[in-house]
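We did not get these values from a lab; they are worked out from the coordinates using the rules stated. These numbers come from a predicted model, not from an experiment. Because the Cβ atoms are built from the backbone with ideal geometry, glycine has one as well, and the counts that use them run over all protein chains shown.
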Amino acid sequence: MCSHYEGVRDAQVLRKVFQVEPPADLGKTDLWPGYPGLLIRRPGEKDAGDDAVPDREALPGLFGLVPHWATILKICRSTYNVRSETVVTKPSFREAWKRAQHCIIPAQAIYEPDWRNGKAIPTCIERSDGLPMGIAGLWSSWRSLQGDWVHSYAMLTTNADTHPLMNQFHKPTDEKRMVVVLPGSVYDEWLVATAERSEQFLVPVAAEGLRVGMCKTL
């Protein structure tokens, strides 16, 4: 699971790697549940057939999905990760999954606790090629009592018990989990995939595609 990651705040990187025009507010760099970050999704106008609309848009959003029925934003502190095995049934996520509200979460790196020496050592993990990760996620929109709209998102995760790298993290007694890191070649496919096709994208990235990085101290 991932509760801490480094966001991408370089506008040029977002344009080049994710092919989106960045919003004015890129959110925080050091992200924890409830913090403002960035999500990439397919614009609704594109689905309506407007060819002038780009295939992807980048929006500010809270890290932690806020379902439409929530009464307070604080729920996002416990809805930042989605288990791919139970996303269909979990009340907080099942509507976004059914509606295929897919997004990509740009991350320069994620941080996981290494417990192999008996203590939680925060460890930076990044792509082996140094490019930002595109993490598979779900997004939602929530309307406050004042009428304000808030976007939010959560990262999809999968089992990592046998993953050569990601099975080294978290407590020895815990199930090993990892976020779904999408290959760049399937970004558009993921954003337009139906709920029925979604599961085929939720696979662990190869170990050689990741490395323990020398990330900056946040």
| field | Kirkwood hydrodynamic radius (C-alpha pairs) into Stokes-Einstein, the chain, 37 °C and 0.692 mPa s, D in µm²/s | value | 187 µm²/s
| field | Most positive-pole-ward Cα, PRO164, PRO54, ILE121, against dipole of the chain from beta carbon charges | value | ILE121
| task | Using all C-alpha to C-alpha distances in the range 168-218, build P(r) with 5 Å bins and read off the rounded percent in each one. | result | 4, 14, 19, 18, 18, 14, 10, 3, 0
| Low-density loop cleavage sites - GluC sites (Glu not before Pro) in the range 131-218, where at most 13 other Cβ are within 10 Å (DSSP) | GLU175
| query | How large is the helix-only mean residue ellipticity at 222 nm for the chain, computed as the sum of -39500 (n - 2.57) over DSSP H runs with n ≥ 4, divided by its residue count, in deg cm²/dmol to the nearest 500? | reply | -2500 deg cm²/dmol
| said: Give me, ordered by chain and number, the residues 5 or more places off CYS103 or on other chains with an amide H under 5 Å from its own placed amide H. | reply: GLY137, LEU138, TRP139
| said: Quick check: from the Cα gyration tensor, does the range 76-153 come out rounded (a/c under 1.5), prolate or oblate? | reply: prolate
| note | note: the range 55-119, Cα-Cα separations exceeding 16 Å make up a percent value of 59 percent
| request: Please turn the phi angles of the range 187-198 into ³J(HN,Hα) values with the Karplus equation 6.51 cos²θ - 1.76 cosθ + 1.60 (θ = phi - 60°), one per residue in order, whole Hz, x for glycine and proline. | output: 3, 5, 4, 5, 5, 9, 5, 6, 4, 5, 9, 4
| field | Cα centre as origin, Lys/Arg/Asp/Glu Cβ charges: the chain dipole, Debye | value | 660 debye
| remark: The long-range amide H neighbours of ASN81, using H built 1.01 Å from N in the peptide plane and a cut-off of under 5 Å, are MET155
| said: Can you tell me which lysines have their Cα less than 20 Å from the Cα of LYS171? Leave out same-chain residues fewer than eight positions away. | reply: LYS119
| field | Overall dimensions of the range 1-55 by Cα: Rg and Dmax, Å | value | 13.4, 38
| task | Find the centroid of the Cα atoms in the range 140-218 and in the range 1-39, then give the distance between the two in whole Å. | result | 14 Å
